[in-house]
Amino acid sequence: MQLLAANHCRIEALGLMKWQSLRCYPTLSALDQPYGDPGAKREGAELALRMQRCGVSRWHPDPVAACEATEAGREVK
């Protein structure tokens, strides 16, 4: 039940559409796909790589804000 709630928070925070996947599931092969393709997972793969570089957990409820905070030198909540 907690995983469902966490997924819902992530979907809301990222503003994902129905066909877009959560960034915790992409593969690096998704980086070969074009931007904007409804079935593509490229954006998710790029976010996953950014999260890894910033040390943000793949389960963080708002990973974009956490990455921005890390990149700006602020402490991540």
Does the range 50-70 contain any residue that is at pLDDT below 65 and part of a loop (DSSP other than H, G, I, E, B)? no
Among G44, G39, G73, the single one that is exposed (fewer than 15 other Cβ atoms within 10 Å of the Cβ), at pLDDT 65 or above and out of contact with any Phe, Trp or Tyr (no Cβ under 6 Å at 6 or more places or on another chain) is G73
Taking only the range 7-20 into account, find how many residues are out of contact with any helix residue (DSSP H, G or I) (no Cβ under 9 Å at 6 or more places or on another chain) and more than 16 Å from A65 (Cα to Cα). 5
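The values are calculated or read from the model by the stated rules, or taken from the named source; none is laboratory data. Note that the structure is a prediction, hence the values are computed from the model and not measured. Cβ atoms come from the backbone with ideal geometry, glycine included; neighbour counts cover every protein chain shown.
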